[in-house]
Amino acid sequence: MDKFTTLTGIAAPMPLVNIDTDMIIPKQFLKTIQRSGLGKNLFDEMRYTQDGQEIPDFVLNQPAYRSAEIIIAGDNFGCGSSREHAPWALLDFGIRCVISTSFADIFYNNCFKNGILPIVMPQEVVDVLMADARKGANARMTVDLAAQTVTTSDGQSFGFEVDSHRKHCLMNGLDDIGLTLEKAAAIDSFEAKAATLRPWA
Amino acid sequence: MTAPRTLYDKIWDDHVVHQAEDGTCLLYIDRHLVHEVTSPQAFEGLRMTGRKVRAPEKTIAVPDHNVPTTLDRANAATMTEDSRVQVAALDKNARDFGINYYPVSDVRQGIVHIVGPEQGWTLPGMTVVCGDSHTATHGAFGSLAHGIGTSEVEHVLATQTLIQRKGKNMKVEITGSLRPGVTAKDITLSVIGATGTAGGTGYVIEYCGQAIRELSMEGRMTVCNMAIEGGARAGLIAPDEKTFAYCMGRPHAPKGAKWEAAVAYWKTLFSDEGAHWDKVVTLRGEDIAPVVTWGTSPEDVLPITGTVPAPTDFTGGKVDAAARSLDYMGLTPGMKLTDIAIDTVFIGSCTNGRIEDLRAAAEILKGRKIKVKRAMVVPGSGLVRAQAEEEGLAQIFIDAGFEWRLAGCSMCLAMNPDQLQPGERCAATSNRNFEGRQGRGGRTHLMSPAMAAAAAITGHLTDVRELMTETA
Ligand code: SF4
């Protein structure tokens, strides 16, 4: 997993609420057995017509936002299925950070496992960031994970919360499985104890 | 004396392997269900790092999302190349890593959330995970069941644990009894209508109250299944005699002395008097009507007696979202829901693909013919299908004009060839009405199996209670 420390980039405004994982990556692209290559189909049905032409109005098709690295989104981003293809597609497109008032749980979790930072901000702040994102490609936002701040193109800075364990893993690009396997002895003893307490399980 | 705990607290406490200073826990996982779509990258990860599956005996795999449900599916030509590759990958991974497996050719194959309980893998008090958000279904047994992403699938395969922070406790109580024609699906949709799709975010929901107790295990699974649609991490229901009766004698349920010990433990699984709830929602069972969804979010729920809302009925970001939904759904504000004409009916999915669901639909369809262009029943498992044939339900469906399919997810997410065409309108018993969910441009209205059957008969959304009085 790539480390996430600071990021300065273009933010795309997506004010729609309840952007679900079926919108982020429709199911016909879930048949892959790899993690990479999904970026071209990110938001596929919003981004392309049925015969594969780009829809010019869609934000990521607009010249200013084609290389966006941040998305400012409406409430409840990433609701719906558990498909990790959603963060894979975002990452493959180049998105490293999503900011919203709220995220669906599983999606939120999945982001951290893939080097994407999801940031929850109150509505007032999302409104400011949305307005900043609407300025287009010349407006670059900065996300500083160590300092836990987001700074707009005109220098307004806002703090955000992030779980310390997740922050540590993201900043260092750490693989959870490796960390958990260090606790193998604790898992062994839990299993031994559970085998007597709940032998049917 | 320990402080009073909720059911969620109790199951959580019994599964904590390790707790870090910041509260992050390593939670032991008793059952890991696996399907073909969200697992290939996880197994690949294990191979690349030379890791093994830590507890293959607690890991159960079944292909369901991609598989064709037509009767000729044994013929490889019924699948697209990429679907075939994905199912073949699961076959190989199950074999290579030695996990329990129900291949497409096995009569026990079906939707992972139907197979787990049916085979007795899912039992009260367990932690259950699956790379699928509807894992909440298993909560009907009083087990803590989470949907997880593929990285977490790999984590559970390798370590049999999940890194989690504890969620908050939410109680959803349904008091009193349901009125005739009202089902578990109407409960779960009405709850989402009341709380919104993010109302449960960060919570684990416990459903309780008389109306929940009165539900069968099938109905309870329907309720818990859609907890995720309300944003909750999991939904659960305290086990009782109905739960024990359902589990008894299942292939992987304990037997003899182990069974006795298990039941004694299961009887301790309830929320204590005085336990703390972070949020409480109460609905009166008598107030719940048969409902349908009108929009493209499961929170867009209305009683069938209602009319299509206008964007101006909403506030905030929902105004634009509702306008977009109405446009996508091709509906005009003020229109009666019962005037909405239906092209297609889909009965199935992990929400409503169990035997009781098929019985409820067949009851309405008996001796009648469909008026829609096409209608299909996709049983949730091969065993549900077999039982429905034995009970004569299959013939009722066929006589009414339904296609009688093999088990799988089918048109719930339309990854296999069962898809809606653009503009095609479907009455569906599944759980998601998102844009494009059942096929690009397809329009989905969610409802109970009885309501879907009623729509099939009349060709438009229909209050099933009218058809019930006709037969009574
Ligand atoms: S039936 Fe639908 S919701 Fe259930 S597991 Fe299959 S695709 Fe998911």
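The values are calculated or read from the model by the stated rules, or taken from the named source; none is laboratory data. Everything quoted here is computed from the prediction, not taken from an experiment. Cβ placement follows ideal geometry from the backbone for every residue including glycine, while neighbour counts extend to all protein chains displayed. All accessible areas refer to the heavy atoms of the entire protein, side chains included, with ligands and DNA or RNA removed. Shrake-Rupley method; radii C 1.70, N 1.55, O 1.52, S 1.80 Å.
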Exercise. Report Rg (one decimal) and Dmax (nearest whole number) for the stretch A:7-136, counting Cα atoms only, units Å.
Key: 13.6, 41
Self-check item: In the stretch B:359-463, trypsin sites (Lys or Arg not before Pro) in a DSSP loop with at most 14 other beta-carbon atoms within 10 Å
Solution: B:369, B:373
Quiz item: Name the GluC sites (Glu not before Pro) in the stretch B:273-321 that are in a loop by DSSP and that have at most 15 other C-beta atoms within 10 Å, would you?
Solution: B:273
Practice problem: Return the residues of the stretch B:57-85 for which accessible area with all protein chains present is lower than in the chain on its own by 50 Å² or more; set the probe to 1.4 Å and exclude ligands, DNA and RNA. | Solution: none
Quiz item: Once you list every other residue whose beta carbon is under 10 Å from the beta carbon of residue B:129, what net charge do they have if Lys and Arg are +1 and Asp and Glu are -1?
Solution: -2
Practice problem: Counting only C-alpha contacts under 8 Å and six or more residues apart, can you give the relative contact order of the stretch B:291-469 as a whole percent? | Solution: 27 percent
Exercise. Have a look at the protein assembly as shown and give its Rg and Dmax from the Cα atoms, expressed in angstrom.
Key: 23.8, 72
Practice problem: Specify the inter-centroid distance of the stretch B:1-17 and the stretch B:263-328, based on alpha-carbon positions, in whole Å. | Solution: 28 Å
Quiz item: Hey, any idea what % of chain B's accessible area is carbon plus sulfur with a 1.4 Å probe?
Solution: 53 percent
Self-check item: Cα centroid of the stretch B:372-411 to Cα centroid of the stretch B:189-242, whole Å
Solution: 26 Å
Quiz prompt | residue B:366-residue B:341 FRET efficiency (beta carbon distance; Förster radius 22 Å; 0.05 resolution) | solution = 0.40
Exercise. Can you tell me the relative contact order of chain B? Whole percent, Cα pairs under 8 Å, sequence separation 6 or more.
Key: 17 percent
Quiz item: Counting only protein heavy atoms and using a 1.4 Å probe, what share of the accessible area of the stretch A:80-129 belongs to carbon plus sulfur, as a whole percent?
Solution: 54 percent
Quiz item: What value, in deg cm²/dmol to 500, does the helix sum -39500 (n - 2.57) over DSSP H runs of n ≥ 4 give at 222 nm once divided by the residues of chain B?
Solution: -9500 deg cm²/dmol
Quiz item: Between residue A:192 and residue B:324, how many nm apart are label points set 7 Å from Cα along the C-beta direction?
Solution: 5.5 nm
Quiz item: Looking at the stretch B:15-32, which residues lose a minimum of 30 Å² of accessible area between their chain alone and all protein chains in place, measuring with a 1.4 Å probe and not counting ligands or nucleic acids?
Solution: B:17, B:18, B:22, B:26, B:28
Quiz item: How many square angstrom of accessible surface are buried between A and B, both sides summed, with a 1.4 Å probe and rounding to 100?
Solution: 5300 Å²
Quiz item: So which of B:279/B:336; A:167/B:92; B:10/B:258; B:58/B:255; A:167/B:168; A:40/B:52 end up more than 25 Å apart by C-alpha?
Solution: B:279/B:336; A:167/B:92; A:40/B:52
Exercise. Using only the Cα atoms of the stretch A:51-201, construct the convex hull and provide its projected area averaged over every direction, in square nanometres to one decimal.
Key: 12.7 nm²
Exercise. Just flag the trypsin sites (Lys or Arg not before Pro) in the stretch B:225-270 sitting in loop per DSSP whose Cβ has no more than 16 other Cβ atoms within 10 Å.
Key: B:255, B:267
Exercise. Return the whole-Å distance between the Cα centroid of the stretch B:35-90 and the Cα centroid of the stretch A:75-96.
Key: 22 Å
Exercise. May I ask you to derive the relative contact order of the stretch A:6-173, considering only C-alpha pairs under 8 Å and at least 6 residues apart, and to give it as an integer percent?
Key: 26 percent
Quiz item: Can you give the accessible area per residue of the protein assembly as shown, in Å², using a 1.4 Å probe?
Solution: 35 Å²
